[in-house]
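J.: Sharing a structure here in C-alpha cells format.
Just so you know, all these numbers are worked out from the coordinates, no wet-lab data involved. Predicted, not measured: the structure shown is a model, and the values here were computed from it. A quick note on method: Cβ atoms are made from the backbone with ideal geometry, for glycine too, and the neighbour counts reach across all protein chains shown.
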Amino acid sequence: MRPSLRLLEATRPQRMREAFPRMSPEEKTALLEAFHPDFRADGMREIRVGPNRGDHTPHEFADQLEARSRIDPDQIDLERIDHDVDVLVIGGGGGGSTAALIAQEHGARVLLATKLRHGDSNTTMAEGGIAAASHRHDSPYLHYLDTMGGGRYMNKPELVQALVMDAPIVLDWLLRLGVMFDREPDGTLICSLAGGQSRKRIHSAKDYSGLEMMRVLRDECRNRGVPVLEFSPAVELIVDERGCCAGAVLYSFDTSRYLIVRARTVVLATGGIGRLHIQGFPTTNHYGATADGLVIAYRAGARLLYMDAIQYHPTGAAWPEQMLGWLCTEALRGTGAHLVNVEGKRFINELETRDATSSAIIREVDHRGKGVRTPAGNHGVWLDTPMIDMLGGEGKIHRLFAGLERRFKSYGIDMTREPLLVYPTQHYQNGGVEMVDAEGRTTVPNLFVAGEVGGGVQGRNRLGGNSLVDIFVFGRRAGRAAALQAKEVEPARLTLDHVREYHRHLSEAGILNGRVSPLLLPDYTTVQPASGARS
Amino acid sequence: MAQGTDLNMIPIYIMGKLHYVPEGLTIMRAMEHAGYRLVRGVGCRGGFCGACATVYRVEGDHRLHMALACQALALPNMHLTQLPYFPARKATYDLEEISDPAMAAIDLYPELANCLGCNSCNKACPQDLKVMEYVAAMLRGDLREAAELSFDCVMCGLCTARCPAEITQYQAAMYARRAFGRFASPRPVHLEDRLKELAEGRWDQEVERLTHLTTDELKALYVSRDMETPTGGFAKAVG
C-alpha cells in the first residue's frame with residue numbers, strides 16, 4: 001500500500017489540473033458488457049415458474065422464487081381477522097411511512113406493518129441526498145434526460161415524468177416537515193453532483209441525509225397517530241376471490257404467531273435485495289433487505305421488471321476489513337475526489353453513471369491487475385479524499401462527511417489526510433414489481449408499490465440521488481391512490497388460493513428443493529464474514 | 001475468516017454466558033459467531049439506526065460502557081447485554097400550530113429543567129454527542145445549538161436509559177431539529193421560484209414532449225447536454 005500511496009500523492013498536483021474525458025455511449029456499452037456483473041452469464045439463471053417464466057435473474061433471487069411459502073394455506077384461518085383496515089402499508093422505511101401518512105391524510109384507516117422497527121430500512125442508510133431540480137440553472141427537463149440516459153433508456157417515461165415534476169414539490173414537503181437540509185445562511189439549499197446528474201441537484205443533510213429524513217417521517221407518523229405494527233413481516237399477501245389484493249398474512253417475530261390483516265388496498269414498500277448477497281458481493285443494505293416484497297407479490301401474480309439489473313455502488317470500503325462493503329457516498333466524488341489505481345493514475349471520469357464507474361473499477365482491479373492489495377488480501381482502488389479539503393478548503397470533509405470521517409477514524413484512518421481503498425458493493429435493485437402507472441399500481445388489482453421494491457422508475461441503472469426522491473414521490477402517489485381506491489372497494493371472500501396454485505406450479509416444474517421464502521432475515525451464524533456476509 | 005484454531009480466540013460473556021470468538025470482530029459479528037440469529041438488537045449494521053445499543057463491562061474495570069454492537073469491537077473478558085428497547089416518552093405536536101418554537105420545547109418536555117448536570121448522558125452516547133450541552137441549549141431557548149449538537153443522533157436511547165433526571169433527551173432533540181429545520185432559515189428563493197413555475201405549468205409541455213421521443217432522439221439530446229463540474233463551470237457530456 002505504501003509505495004502506491006506515494007505514487008498517488010506524487011500524481012495529485014497534475015491530476016487536479018487535468019480533466020478526465022467522459023465516455024461515448026459506445027465506449028460505455030462495451031465497458032458494461034465486458035465487466036459489469038449483470039453480464040456474467042454464470043451469475044444468472046432462467047426463472048421457471050410464475051409471471052416472469054423465461055426471464056433471467058441472479059441465482060440468489062431465483063432461489064427465493066423457486067421456494068414454497070412459509071405457511072401452509074390449509075393451516076391459516078382467514079376468517080379470524082386480527083386487523084381490518086382500509087389501507088395496509090407493508091414496510092416502515094421512507095416509502096412506506098410516506099404512503100401511510102398520505103393515505104391517512106386522505107381519510108383512510110391505515111395500518112403500517114414492518115419487519116423490524118419503524119424506520120429500519122435502506123432509507124436510514126442513504127448518505128448522499130435527494131435529487132430535485134430546485135435551482136435556476138437546473139430544470140425538470142434536464143433531470144428527465146439524465147435519469148433516462150442513466151437508466152439506459154429503459155425507464156418508463158410516465159414514471160420518470162412524475163419523478164422529476166414532483167421532485168421539487170417533495171423537497172418542499174420535507175422542508176415543511178422540518179428536515180434539516182444543508183443550507184446557506186440566506187436559505188439557499190446546498191447541492192452537489194452525482195454520477196450522470198448533469199447539474200448539482202443532490203440536496204443533503206450532511207452524510208446522514210436518509211437518517212435525517214427517516215427520523216422526521218417516523219416522528220410525524222407518531223405525532224399523527226399512524227398505527228404501526230413492528231417486528232411483523234408480511235409472509236404472504238391475501239388475494240380475494242375476485243383476484244384483487246385484500247390484505248396480508250403477517251408473522252409476529254415476538255409471539256411466533258400469524259396475524260391476518262384484511263385491507264381494501266395494500267401498498268408494498270419493502271425495499272431491496274442486498275442481503276441476498278447477489279454474486280457473493282458485500283452490500284451496503286440494511287439487515288432486512290431480503291427481497292420479501294418481491295417474493296410475495298410474485299406469488300400473488302405480480303409481474304416483475306428488470307430483475308437481472310442489480311446496482312453495484314462503485315465505492316464500497318475495501319479496507320479496513322471490518323468495514324468491507326461499507327458505503328462511501330458518491331458525494332465524495334461529487335465534491336472532487338478522484339479514483340486512482342495502484343500506479344497513481346485515474347482510469348475513469350468519476351462522475352460517470354454508477355454502472356460504468358463500477359465496471360471500470362472491476363476492470364482495473366480484476367482484469368488489468370492495477371488494484372491495490374489490502375493487508376487482508378482484498379483488492380481495491382484509491383478514492384483520493386484529501387482532495388476534497390484541498391479543493392473546497394480545510395474542514396469541508398468534517399462539515400459534509402462527519403459520519404464517514406468518524407467511522408474511518410475509529411479504525412485509525414484519517415480520510416482528510418489519506419485516501420480510502422474502495423471496491424464495488426451491492427447497493428440497489430434497479431428493477432422490481434412492475435409499476436403500470438404513476439400511482440404505483442401493479443398488475444395485481446388493489447396492490448400498489450412504492451420505492452425500491454417497485455420497478456420501472458429507474459430503468460436498468462439508477463442515478464445517485466434518485467432513490468430518496470423515488471420513495472417520497474411514489475410513496476405520496478401510492479398512498480393517495482390507495483386511499484382513494486379503498487373507498488371504491490367492496491370486501492369479498494379472502495383466499496390464499498394463489499399460494500396453493502404457486503405450489504402446484506413449483507411441483508409441475510419439478511422444483512422440490514424444500515426451500516421456503518421469503519427469507520425475512522439473513523443467517524450470519526453459519527455464513528462467516530469473508531464469504532459474503534461482510535458487514 | 002474461518003472458524004479455525006489458527007485465529008486468536010477471545011472469551012466474551014453474552015448475558016453471562018461464556019463464548020470464544022475470533023479477535024477483531026464487532027460485538028454484533030461476535031454474537032452471530034456465537035450462534036445468535038439476531039432479530040431485535042440489529043438493524044442497519046452501519047451505525048445509522050441505533051437498533052443495537054449495547055451495555056458492557058470489562059473484567060478488571062468498574063466502569064459501565066455503552067456502544068453500538070455494529071460499531072464497537074468485542075474485547076477480551078467483556079460482559080455484555082443488548083438494550084434493544086427502552087421505554088421513553090415522546091411528546092406529540094403539530095409543527096404547523098407552533099408559534100414560539102423555543103418556548104414549545106419546554107412546554108413539550110418540561111422535564112428538561114430537571115437536568116442534574118451529571119454528565120451520564122454524554123458518557124453513554126455512542127456517537128460522542130454533547131447531550132448534556134444540547135439539553136442546556138434547549139433550556140436556554142437556543143434551538144440552533146441544540147439541533148446542531150444533536151444532529152448525528154441515531155436515537156438509540158442509551159442517554160435516556162442512563163438519565164437520573166428521567167429526561168428523554170433524544171426525543172426532545174428530535175423536536176429541536178424539526179423546529180430548527182422548519183423555522184430557522186429563510187425559505188429558499190430558488191425553490192419558491194421553481195414551485196411557482198411548476199404550478200403555472202411552465203415545464204409541462206417540455207417534459208411531456210420528452211416522454212414521446214424515441215430512444216435515438218433522447219440519446220442525441222443526452223450526449224449533447226452540458227455537465228456541471230465539481231469545481232463549478234461546465235464540460236461536455238462526452239469527451
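J.: Filter the trypsin sites (Lys or Arg not before Pro) in region B:1-94 down to the DSSP loop ones having no more than 15 other Cβ atoms within 10 Å, then list what survives. Write down the numbers at each step before the final one.
T.: On the way: sites: B:Lys17, B:Arg29, B:Arg37, B:Arg40, B:Arg45, B:Arg57, B:Arg63, B:Arg89, B:Lys90; in loops: B:Arg37, B:Arg40, B:Arg45, B:Arg63, B:Arg89, B:Lys90.
Here the sparse-neighbourhood loop sites are B:Arg37, B:Arg63, B:Arg89.
J.: Continuing with the same structure: Report the one residue of A:His277, A:Leu324, A:Val499 whose Cα lies farthest in the direction of the positive end of the charge dipole of chain A (charges on C-beta: Lys and Arg +1, Asp and Glu -1; origin at the Cα centre).
T.: Selected residue: A:Leu324.
J.: Given +1 on the Cβ of Lys and Arg, -1 on the Cβ of Asp and Glu, and no further charges, what dipole in debye does the protein assembly as shown carry about its Cα centre, rounded to the nearest 20?
T.: So the magnitude is around 1100 debye.
J.: Using the charge dipole of region B:1-97 (Lys, Arg: +1 at Cβ; Asp, Glu: -1 at Cβ; taken about the Cα centre), state which of B:Ala53, B:Gln82, B:Thr26 has its Cα farthest towards the positive end.
T.: Farthest towards the positive pole: B:Gln82.
J.: Between exposed GluC sites (Glu not before Pro) in chain B, where DSSP calls loop and at most 10 other Cβ atoms lie within 10 Å, what's the longest gap?
T.: On the way: sites that count: B:Glu166, B:Glu200.
Here the longest run is B:1-165.
J.: Follow-up question, since we're still on this one. Which of the peptides A:58-71, A:129-142 is most tightly packed, and how do the rest follow, judged by the mean count of other Cβ atoms within 10 Å per residue? It would help to have the intermediate numbers written out before the result.
T.: On the way: A:58-71: 20.1, A:129-142: 23.1.
The peptides rank, most packed first, as A:129-142, A:58-71.
J.: With respect to the cross-link table entries A:Lys370/B:Lys219; A:Lys396/B:Lys90; A:Lys28/A:Lys200, which display a Cα-Cα separation exceeding 28 Å? If you can, show how the numbers build up before the last one.
T.: Working: A:Lys370/B:Lys219 33 Å; A:Lys396/B:Lys90 34 Å; A:Lys28/A:Lys200 23 Å.
In this structure, A:Lys370/B:Lys219; A:Lys396/B:Lys90 lie more than 28 Å apart at Cα.
J.: Something else about it: Quick one: dipole size for region B:189-236, taken about the Cα centre, charges +1 on Lys/Arg Cβ and -1 on Asp/Glu Cβ, in debye to the nearest 20. Please list the in-between numbers first.
T.: Numbers: 7 positive and 11 negative charges, 40 e Å.
That gives region B:189-236 a dipole magnitude of about 200 debye.
J.: OK, next. Rounded if a/c is under 1.5, else prolate if a/b is larger than b/c, else oblate: which is the protein assembly as shown, with a ≥ b ≥ c the root eigenvalues of its Cα gyration tensor?
T.: Working: a/c = 1.13, a/b = 1.02, b/c = 1.10.
Rounded, because the longest to shortest axis ratio a/c is under 1.5.
J.: Count the net charge of all other residues whose Cβ sits under 9 Å from the Cβ of A:Asp207, scoring Lys and Arg as +1 and Asp and Glu as -1. List each step's numbers first, then the result.
T.: Working: positive: A:Lys206; negative: A:Glu127, A:Glu405.
Local net charge: -1.
J.: Give the percent of DSSP beta bridges with both residues in chain A that are antiparallel, rounded to the nearest 5.
T.: On the way: 38 of 60 bridges.
Antiparallel bridges make up about 65 percent of those DSSP assigns within chain A.
J.: Relative contact order of region B:9-82: what whole-number percent is it, with Cα pairs under 8 angstrom and at least 6 residues apart?
T.: Values: 139 pairs, mean separation 28.9, N = 74.
Reported as a whole number, the value is 39 percent.
J.: Over what distance in Å are the Cα centres of region A:93-135 and region A:382-413 separated?
T.: 30
J.: So how strong a dipole does region B:95-183 carry about its Cα centre when Lys and Arg Cβ are +1 and Asp and Glu Cβ are -1, to the nearest 20 debye? Please report the intermediate quantities before stating the final value.
T.: On the way: 8 positive and 12 negative charges, 49 e Å.
Computed charge dipole of region B:95-183: roughly 240 debye.
J.: Does region B:189-236 come out rounded, prolate or oblate by the C-alpha gyration tensor, with a ≥ b ≥ c the root eigenvalues, rounded set by a/c under 1.5 and, if not, prolate when a/b is larger than b/c and oblate if not?
T.: Values: a/c = 4.77, a/b = 1.09, b/c = 4.35.
The shape class here is oblate.
J.: What does the net charge come to around A:Gln485 if you take all other residues with beta carbon closer than 10 Å to its beta carbon, with K and R at +1 and D and E at -1?
T.: Surrounding charge for A:Gln485 is +1.
J.: What does the structure give for A:21-31 when I average, per residue, the other chain Cβ atoms found within 10 Å of the residue Cβ?
T.: On the way: counts 4, 7, 3, 4, 5, 1, 1, 1, 0, 0, 0.
Rounded to a whole number, the mean comes out at 2.
J.: Can you tell which of A:Ser121, A:Ala131, A:Leu88 lies farthest toward the positive end of the dipole of region A:61-137, using +1 and -1 charges on the Cβ of basic and acidic side chains (Lys, Arg; Asp, Glu)?
T.: A:Ala131
J.: Using a Debye calculation, one point per C-alpha and no hydration shell, please list log10 I(q)/I(0) for region B:95-183 at q = 0.11, 0.15, 0.26 Å⁻¹ in order.
T.: Taken in order of the listed q values, log10 I(q)/I(0) reads -0.25, -0.46, -1.37.
J.: Separate question: I'd like the chymotrypsin sites (Phe, Trp or Tyr not before Pro) in region A:409-480 restricted to DSSP loop residues with at most 16 other Cβ atoms within 10 Å, sorted by number. Mind dumping the intermediate values first?
T.: Details: sites: A:Tyr411, A:Tyr428, A:Phe448, A:Phe472, A:Phe474; in loops: A:Tyr411.
The qualifying sites are A:Tyr411.
J.: Can you give me the relative contact order of chain B as a percent, contacts being Cα pairs under 8 Å and 6 or more apart?
T.: Numbers: 335 pairs, mean separation 33.6, N = 239.
Here the relative contact order equals 14 percent.
J.: With a cut-off of 8 Å between alpha carbons and a minimum separation of six or more residues, what is the relative contact order of region B:95-183 in percent? Please list the in-between numbers first.
T.: On the way: 118 pairs, mean separation 29.4, N = 89.
Answer for region B:95-183 is 33 percent.
J.: Still on this structure, I have one more. Take every residue in peptide A:378-390, count the Cβ atoms of other chains within 10 Å of its Cβ, and give the average of those counts.
T.: Details: counts 0, 0, 0, 0, 0, 0, 0, 0, 0, 1, 1, 0, 0.
Per residue, the number of nearby Cβ atoms from other chains is 0 on average.
J.: Still on this structure, I have one more. For A:Ala34 and A:Ala402, what is the calculated FRET efficiency with R₀ set at 45 Å and r taken between the beta-carbons, to the nearest 0.05? If you can, show how the numbers build up before the last one.
T.: Working: r = 38 Å, r/R0 = 0.85.
Between A:Ala34 and A:Ala402 the formula returns 0.75.
J.: Now, a different point. Rounded if a/c is under 1.5, else prolate if a/b beats b/c, else oblate: with a ≥ b ≥ c from the C-alpha gyration tensor eigenvalues square-rooted, which is chain B?
T.: Oblate, since a/c reaches 1.5 and b/c is not below a/b.
J.: Next question. To the nearest 500 deg cm²/dmol, what mean residue ellipticity at 222 nm is calculated for chain B from DSSP H runs of n ≥ 4 alone, each contributing -39,500 (n - 2.57), summed and divided by the residues?
T.: -10000 deg cm²/dmol
J.: To the nearest Å, what is the center-to-center distance of region B:64-112 and region A:271-330, using C-alpha atoms only?
T.: 30
J.: Please give the average number of partner chain Cβ atoms lying within 10 Å of the Cβ of each residue in A:119-130, rounded to a whole number. Please list the in-between numbers first.
T.: Working: counts 7, 7, 3, 2, 2, 8, 7, 1, 2, 0, 0, 0.
Shielding by partners across A:119-130 averages 3.
J.: Sticking with this structure for a sec: Taking the Cβ of B:Cys52 as the centre, find all other residues whose Cβ is under 13 Å away and add up their charges (Lys, Arg: +1; Asp, Glu: -1).
T.: Numbers: positive: A:Arg117, B:Arg29, B:Arg40, B:Arg45; negative: A:Asp120, B:Glu32.
It works out to a net charge of +2.
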